[in-house]
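Working notes, structure below.
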Amino acid sequence: MLLFRQAIKLGVTYWDTADSYGWGKNEKAIGKYFTKFPKDREKVFLVTKAGTKKPQELTEKLNRSLERMNTSYVDLFFIHYVSNAKKELTNDVKAWAEKAKAAGKIRLFGFSAHKNMETSMLKAAELGWIDGIMMSYNYRLMVKPEMKKAVAACVKAGIGLTAMKTQAAFSANFYATIGSKTNEALKMTENFINKGYSEEQAKLKVVWENPHIASICSAMPNMAILQANVAAALNKKKLSINDKIRLEQFARQTAPGYCTGCADICESAVDFNIPISDMMRCSMYHHGYGDREKALTLFNGLSSETRANVLHADYSIAEQRCPQKIQIGKVLQMVCDDLT
Ligand code: SF4
C-alpha cells in the first residue's frame, strides 16, 4: 500500500500487472489500493494481461481482473505472451477486442512478447488493430537490426511500445561460469558511478533516450528501487556516445550469458519441441532476478514429458546457430538441476 502511494506521489503512474501474477494476489493488492484511494484510479494508466486467445476465456479473465482491481476498465489490455502473432492474433481476437472497447472495459488492446518478438511486432504493424506491445527491449536488443526494423514498423503503424526486461539479466549465472566479473564490466560500472548514476540506472536511461519507446515496465518491489528508478527518470543528463559504446561492448563481451529470445533459430534445430527460450527465462528469473518462485512457476508449467526430454536432446546444431553462442545444453541442464 505504501509503495503504491509513494509511486503515485513520485509520478510513477504506468502500472502493469497480469491475472496470473501471484495467482491473482497482485491484482487484488491494486484493488485494495483503489478501494482506499478511489481518486487515484484516474491518475493511473492501468495495464493487465490474460494468458489466453479464446474469446470466452478472455471475457472471463478480464471480468475477474476488473473485479479484483475494483475498477470498471483497464487502460490497456494485453494478451500475455504472444510468440507467433500470425497464428495467435486471429479475427476472433480482433472482434473480441473491439467488443471489449465498445463495452468500455478496455481502452486499448495489444500483447506482450518474450520470444520471437521482432516477428510478432512486424505482423502487428501490418494488422492495423493493435494499439500497444510490451516486449523485451534493452541495450542488448536495441542494437539488433531486426529489432530496429520491428520498432520502426510499429512506430509507423502508431503502436505504442513498452520496454520490459530493460536490465537484460543473465540467462545463466554467467559470472560464475567465467570465474568473476570481467575488468570491462567493473570499469563500466565505475564509469557510470563517477557520472552520478548506477549501472542499473544507465540501462534504464539508454532505453528512455529512444523516443520510439513510450514507457518502461520495470519491477519495483521496494522503496529503494522505486526511488532509484525515479531519480534516473528525472536525471536529465544524457548518456554520452562513450557510455553507449561501453554498454554495446559489454553486451558483446557477455553475449553468451543472455538469451535474446530468437526461439525460431534454436528450437527448430532440436527434437522433442524443447522450449529453449522459456527455459532460458526460468534461468534468468532464478539466477538473474533471484526469484526462484517465478522460475518454478514457469518451469512447472512445462509438461513432465518436456522436462524429461530436455536431458536427452542434442543441442549441438542449436548451439552452432545461436547468435549469442550460448551453451544451451549446459544452461538447460542447470535449469533442471536447480528447479527439479
Ligand atoms: S538460445 Fe540462442 S538461439 Fe535460442 S532463443 Fe536464446 S539467443 Fe536465440
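Scan (1) over 14 Å from Gln167 (Cα atoms); (2) open to solvent by 30 Å² or more (accessible area, probe 1.4 Å); (3) charged (D, E, K, R); (4) touching a residue at least 12 places away in the same chain (Cβ under 8 Å) for the single condition Glu190 breaks and write down its number.
Unmet for Glu190, out of (1) over 14 Å from Gln167 (Cα atoms); (2) open to solvent by 30 Å² or more (accessible area, probe 1.4 Å); (3) charged (D, E, K, R); (4) touching a residue at least 12 places away in the same chain (Cβ under 8 Å): (4).
Mind checking which pairs have a first residue in the stretch 200-212 that is within 11 Å of Thr166 (Cβ to Cβ) and a second that is of a type in the set (Ser, Thr, Tyr) and surrounded by 19 or more Cβ atoms within 10 Å (Cβ to Cβ), Cβ under 6 Å, 6 or more apart or different chains?
Listed by first residue and then by second, the contacts come to Lys203/Tyr139; Lys203/Thr166; Leu204/Thr166; Val206/Tyr139; Val207/Thr166.
Considering each of Met135, Met142 in turn, give the residue that is among the aliphatic types (A, V, I, L, M) and in contact (Cβ under 8 Å) with a residue 60 or more places away in the chain.
Selected residue: Met142, the only one of Met135, Met142 that is among the aliphatic types (A, V, I, L, M) and in contact (Cβ under 8 Å) with a residue 60 or more places away in the chain.
Taking the condition of being outside any helix (DSSP H, G or I) and open to solvent by less than 30 Å² (accessible area, probe 1.4 Å), how many residues in the stretch 199-216 meet it?
Selection size over the stretch 199-216: 4.
Is it the case that the stretch 232-241 has a residue that's within 16 Å of the ligand (Cβ to nearest atom), in a helix (DSSP H, G or I) and either among the β-branched types (Val, Ile, Thr) or open to solvent by 20 Å² or more (accessible area, probe 1.4 Å) (or both)?
No, the stretch 232-241 contains no residue that is within 16 Å of the ligand (Cβ to nearest atom), in a helix (DSSP H, G or I) and either among the β-branched types (Val, Ile, Thr) or open to solvent by 20 Å² or more (accessible area, probe 1.4 Å) (or both).
If you check every pair at least six apart or on different chains, which have Cβ atoms under 7 Å apart with a residue in the stretch 251-267 that is within 6 Å of the ligand (Cβ to nearest atom) and of a type in the set (A, V, I, L, M) first and a residue that is open to solvent by 50 Å² or more (accessible area, probe 1.4 Å) and part of a helix (DSSP H, G or I) second?
Cβ pairs passing all conditions: Ile265/Arg321.
Determine the pairs where a residue that is farther than 26 Å from Met135 by Cβ, located within the stretch 1-20, has a partner that is outside any helix (DSSP H, G or I) with Cβ atoms under 6 Å apart, the partner being 6 or more residues away or on another chain.
none
Go through the stretch 88-114 residue by residue and tally those that are among the hydrophobic types (A, V, I, L, M, F, W, C), in contact (Cβ under 8 Å) with a residue 40 or more places away in the chain and in contact with an Asp or Glu (Cβ under 7 Å, 6 or more places away or on another chain).
Here the count works out to 1.
Mind checking which residues of the stretch 92-127 are β-branched (Val, Ile, Thr) and open to solvent by less than 50 Å² (accessible area, probe 1.4 Å)?
Matches in the stretch 92-127: Val93, Ile106.
The values are calculated or read from the model by the stated rules, or taken from the named source; none is laboratory data. Computed from a predicted structure; not experimentally measured. Note that we place each Cβ from the backbone using ideal geometry, even for glycine, and neighbour counts take in every protein chain shown. Ligands, DNA and RNA are excluded from the accessible area calculation, which covers all protein heavy atoms including side chains. Shrake-Rupley method; radii C 1.70, N 1.55, O 1.52, S 1.80 Å.
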